[in-house]
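To start, the structure under review is shown below, and the notes come after it.
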Amino acid sequence: MAEQHKEESVLEKISDKLHGHGGGSSSSSSDSDDERSSATAAVKAKIYSLFGREKPVHSVLGGGKPADLFLWRNKRISGGVLAGATAIWLLFEVMDYHLLTLLCHCLILTLAILFLWSNATTFINKSPPNIPEVKIPEDLAVNVARSLRYEINRGFATLREIGQGHDLKKFLIVIAGLWILSVLGSCCNFLTLFYIVFMVLYTVPVLYEKYEDKVDAFGEKAMVELKKYYAIFEEKCLSKIPKCPSKDKKLH
């Protein structure tokens, strides 16, 4: 018991000495907090993110209202868009409605209601309906056209690069993606495929944002295994395929 009391007294003295020098401990504690925060930031930077993502999911989706829509920031708006898309799919696929017929029927109903309402106001002494003037802004049309032009040109450049035989890995990825699309196209029509893609965009990002840590951990393991199999495939098959000479060798 006496030895235990001695050990406790020694520990108390050491702690008192440490706290006795606490006059300049405020700056040191702030420095240690900064070091800890920088260390945690470095650790977070080293954590694997799916597809090499360095930004949050909201920024990857482009930010703004489209990202809010896909991530269900406003549940009423997102639910309304989802219900509208589902109703359109049911009309065209389940009820065998046609697009031109639907547009014509909607226009007939809308114009008939507005025409009768405008003429009925003269008999009931009420103001006619205020029909807003709808115009497509020039800036919006130009921006949409520019973005489409940029994406189409980038797609053409990628196809040209693949056709020239410079990147075998990209070639295999594109071939596999086109084959999967052809299989899906044979199973369902374009509208159903578009609705499936829409549902994926509406569910996968929000689920990934909710279970990001688990998905990233699983994705890291999957990428390690895929790299192993790709290295084996490259060593046994791809390395034996002769490559086309580069432009520098052709010039010499």
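A few remarks follow.
- In terms of its C-alpha gyration tensor, segment 54-125 comes out oblate, because a/c is 1.5 or above while a/b does not outweigh b/c.
- Sorted peptide list for 89-95, 55-61, criterion being average Cβ within 10 angstrom, highest first: 55-61, 89-95
- Per-residue ³J(HN,Hα) for segment 68-83, Karplus 6.51 cos²θ - 1.76 cosθ + 1.60, θ = phi - 60°, Hz, x for Gly and Pro: 4, 5, 6, 9, 6, 5, 10, 5, 5, 5, 5, x, x, 5, 5, 5
- Calculated log₁₀ intensity ratio I(q)/I(0) where the Debye formula runs over C-alpha points of segment 75-167, q = 0.19, 0.20 Å⁻¹: -1.06, -1.05
- Solvent exposure of segment 54-125 as accessible area per residue, Å², 1.4 Å probe: 77
- Rounded to the nearest 10 square angstrom, Asp96 shows an accessible area of 110 square angstrom against a 1.4 Å probe.
The values are calculated or read from the model by the stated rules, or taken from the named source; none is laboratory data. Quantities reported herein were computed from a predicted structural model and do not represent experimental measurements. Note that we place each Cβ from the backbone using ideal geometry, even for glycine, and neighbour counts take in every protein chain shown. Note: areas computed on protein heavy atoms with side chains; ligands, DNA, RNA excluded. Shrake-Rupley method; radii C 1.70, N 1.55, O 1.52, S 1.80 Å.
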